[in-house]
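**Student:** I'd like to ask some things about the structure below.
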Amino acid sequence: MDLIPSFSVDHTKIIPGIYESRVDSLGEMLAATFDVRLKKPNAEPAIAPAAMHTMEHVIATYLRNHPDWKDRLIYWGPMGCLTGFYIIVKGRPAASEMYPILLEAFRYMRDYEGDVPGATPENCGNYLMHDLPMAKWEAERYVKYLESADKNRIFEYPKTERPTLEGDRAFFDS
């Protein structure tokens with residue numbers, strides 16, 4: 001069997017960022033999948049499942065209600081490795097064009113107060129598995145990273161060289 005595209009990216013070289021993972025043609029429409037990477041794979045602890053679940057609920061609700069994005073959003077959900085999320089949108093915006101809405105969504109998550117949307121037995125298959133404080137902590141960390149990151153490095157998967165993290169070392173060591 002062929003390796004699927006997301007497994008063909010060298011995960012030892014990925015740093016947190018927003019990457020175009022694939023583009024699919026659905027008749028005359030395109031759908032772009034983005035890798036919204038919060039953690040450096042295999043180098044940082046993964047996001048705790050309960051925090052990831054909460055981020056999925058809050059950010060999905062935010063995006064599906066956003067006046068500019070609700071009609072473009074196809075999917076928002078966690079990666080199985082718990083190092084980030086996938087977002088699938090109609091069309092083919094550049095990864096850099098996804099930056100403002102994703103930064104906005106993670107700021108919303110960071111600042112979120114109240115009940116987790118859809119965290120009831122009637123609305124969720126595992127409604128007890130949520131951790132809002134940890135989700136907010138992870139969102140705060142990602143917001144700080146996105147705001148300070150080298151924009152030349154966070155929108156394209158690394159090619160051949162393993163990136164040095166000198167400028168980001170303090171972030172990863174925190």
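The values are calculated or read from the model by the stated rules, or taken from the named source; none is laboratory data. This one's a predicted model, so the numbers in the text were calculated from it and none came from an experiment. All Cβ positions, glycine included, derive from the backbone under ideal geometry; neighbour counts span all protein chains shown.
**Student:** When you check I87 against the structure, is it surrounded by 12 or more Cβ atoms within 10 Å (Cβ to Cβ), within 17 Å of the chain's Cα centre (by Cα) and without any contact (Cβ under 8 Å) to a residue 60 or more places away in the chain, yes or no?
**Tutor:** Values: surrounded by 12 or more Cβ atoms within 10 Å (Cβ to Cβ): yes; within 17 Å of the chain's Cα centre (by Cα): yes; without any contact (Cβ under 8 Å) to a residue 60 or more places away in the chain: yes.
Considered against the rule, which asks whether it is surrounded by 12 or more Cβ atoms within 10 Å (Cβ to Cβ), within 17 Å of the chain's Cα centre (by Cα) and without any contact (Cβ under 8 Å) to a residue 60 or more places away in the chain, I87 comes out as yes.
**Student:** Please specify each residue of region 94-114 satisfying the condition of being in contact (Cβ under 8 Å) with a residue 24 or more places away in the chain and within 16 Å of Y157 (Cα to Cα).
**Tutor:** Answer for region 94-114, where residues must be in contact (Cβ under 8 Å) with a residue 24 or more places away in the chain and within 16 Å of Y157 (Cα to Cα): A94, A95, S96, M98, Y99.
**Student:** To continue, here is another question. Can you name the residue in region 6-55 that is without any contact (Cβ under 8 Å) to a residue 24 or more places away in the chain and in a loop (DSSP other than H, G, I, E, B) and, of all such residues, is nearest to S148 (Cα to Cα)?
**Tutor:** P45
**Student:** Filter region 24-54 for residues that are of a type in the set (D, E, K, R) and in contact with a strand residue (DSSP E or B) (Cβ under 9 Å, 6 or more places away or on another chain); which is farthest from I101 (Cα to Cα)?
**Tutor:** This residue is D24.
**Student:** For region 60-74, check the following and say yes or no: at least one residue is touching a residue at least 60 places away in the same chain (Cβ under 8 Å), closer than 19 Å to A105 by Cα and buried (at least 16 other Cβ atoms within 10 Å of the Cβ).
**Tutor:** To start, the set of residues in region 60-74 that are touching a residue at least 60 places away in the same chain (Cβ under 8 Å) comprises none.
There is no residue in region 60-74 that is touching a residue at least 60 places away in the same chain (Cβ under 8 Å), closer than 19 Å to A105 by Cα and buried (at least 16 other Cβ atoms within 10 Å of the Cβ).
**Student:** OK, next. Condition check: more than 14 Å from E138 (Cα to Cα) and not aliphatic (A, V, I, L, M). Does P49 satisfy that?
**Tutor:** Criteria not met by P49.
The rows are residues; the columns are (1) outside any helix (DSSP H, G or I); (2) over 17 Å from R64 (Cα atoms); (3) modelled with pLDDT of 95 or more.
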position: I87; (1), (2), (3): yes, no, yes
position: P93; (1), (2), (3): yes, yes, yes
position: L102; (1), (2), (3): no, no, yes
position: R110; (1), (2), (3): no, yes, yes
position: G114; (1), (2), (3): yes, yes, yes
position: T120; (1), (2), (3): yes, yes, yes
position: N123; (1), (2), (3): yes, no, yes
position: Y127; (1), (2), (3): yes, yes, yes
position: P133; (1), (2), (3): no, yes, yes
